[in-house]
Amino acid sequence: MTQPVEQTSAEKILAAATELFARNNFDAVSVKQIAEASNCNGALISYYFGGKKNLYQEVLYTQAKEFINIQEAIRVKKLSPFTKLHAFVDSIAKLQAEHPYHIHLIYREMLSPEPMFEKYIHSHLYRVHTFMAELVEEAIANGEIKTNIRPTHVAFTLESIILFFFLAKQPIMMLGNFDTGKETDYLLEALDTYIMSLR
């Protein structure tokens, strides 16, 4: 039987910091809180990451990399744009099921980025929008979507549906009357309804 791989101190710190930063903004999280949550000596934060600022940057890069890896895996598949869109949403839903608060971190940086991390927003998070816009453009080109709306505008609407769903999932679940575990089905149905209006 394979034994689980034990996390290194750096991995523990990064995991704890991600959860804390997802629930609170940069200034509201202290080095002491990160040390306590990771069960590591606070000095290791400076040793491994060079301080809280660099640790926060690493958290952002790690989060972005998860989304980018999903995009790249889907981009190379021989699927229709519409099917790729479904695959992307399904992957994001699974990611959110594992880490429900992480999207709050991404949303906060998009809405009001820390001045020192604006470059991160432009170089990483906007790649999510570019990917969505590419899928919409391909769908228009092959006739899956018929609309005069700009692909970027359609992509923004799709992103808004996804983002709002995960940010307000609990009240949506109550209002939508669906069970835990059916989040992806509900979200895909909402996306399909919008896309069908463009056909």
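Read-outs throughout are calculated quantities, based only on the coordinates presented, and are distinct from any laboratory measurement. Predicted, not measured: the structure shown is a model, and the values here were computed from it.
Before moving on, here are some points about what is shown:
- Whichever lysines have a C-alpha closer than 26 Å to that of K78, once near sequence neighbours (fewer than 8 apart) are set aside: K65, K94, K146
- Proximity of backbone amide H atoms, modeled 1.01 Å from N, is registered between L79 and no other residue at under 5 Å, excluding neighbours fewer than 5 places apart on the same chain.
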